[in-house]
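Okay, structure first, notes after.
We did not get these values from a lab; they are worked out from the coordinates using the rules stated. Quick caveat, the model's predicted, so the values are computed rather than measured. Neighbour counts run over all protein chains shown; Cβ positions are idealised from the backbone, glycine included.
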């Protein structure tokens, strides 16, 4: 994490603690030992992989003679480097201010009050710390108003997307798991996909075409990390709403990473905080990425391990870099999105351009066949909430229900009727 912001690391150590000291977090002897190391290496910054209280941070800075930041501070610094849009900048600034507000300590008690007064008029004025806290709170309030506008805009955009029958698929996962690389590979987009922490802070949405002509909106989101500070979860709530409102969630895991299991637990915990049940295999699919980094033996073990999982919760093994397994992933996405959706066949007069346009705009068109008379036969998949709308749009009973969920055919071009399709075992 320190290298993610180009810091020159001159030393590192692991400290075993019997108990956390309220004043300095570390014991007196360890503080003195580290102070000597800081002096010897002429280090100007000390990073502690823990959460420090303001008092602990101040006392350690005095003891070390160097700037101290904890895990939260380091993550915020990385986020500050990665923010590229106005929204991302606002979210990072809000998290920074929440962090700084908690860091305010009474370092200015030697200062005079900014203004004075006698009796009941004027009052004693504000101390420096009160002024700083007030300014921070004012700025935070303004940012929250701006982010509320962003949230409302996203809500409007989601409403527009819901008006068009495109379900939303969200990518989530530990930072640097390869989400953006997968996003680019699937959608042919050009999202930043560097090998670094938190390369993506702002949600990016693109249209994704599925094997049987279906379409979905794919969303790339901010990466998670262990012990993600609460203030960051709160600040990025508008971004994470893309995840909570998604029809399907792809949990992308770096299966080549030595701590893949621990990263999985961290992501599961954060999803739980967002109200998402990681055991809901109908809505969440595990994607084991970066198998191209495994040797042949480990690759075989991973494939066997995935194959032994229950079918409804079986992970999809892929390499977003090489394209391995992406066809299977697209098929899984299509099948999961099809669950609970009704499939209809509709025969349209060749001059019924209005009806054809309505179907393309309001349903997921899976297959089309034009017979010798010019009649257009469409196979469409419809979300449950649109079934009645479809029936009203075609009151003459032209629409015939074929099946519910998982239509796996559609590439054939043989003329067919609802009865022959039912005879084939779809209904």
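Values computed for the structure shown
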{"item": "Burial ranking of peptide ranges 145-152, 68-75 (average Cβ count within 10 Å, highest at the top)", "result": "68-75, 145-152"}
{"item": "Which of 288, 358 has the fewest Cβ neighbours within 10 Å, and the rest in rising order", "result": "358, 288"}
{"item": "Ranked list, fewest to most other Cβ atoms within 10 Å of each Cβ, for 242, 262, 42", "result": "42, 262, 242"}
{"item": "Peptide ranges 298-310, 48-60 listed from the most packed, as the mean C-beta count within 10 angstrom indicates", "result": "48-60, 298-310"}
{"item": "Sorted by Cβ density within 10 Å, fewest first, the residues 30, 354", "result": "354, 30"}
{"item": "Relative packing of peptides 315-324, 365-374 - highest average C-beta neighbours within 10 Å first", "result": "315-324, 365-374"}
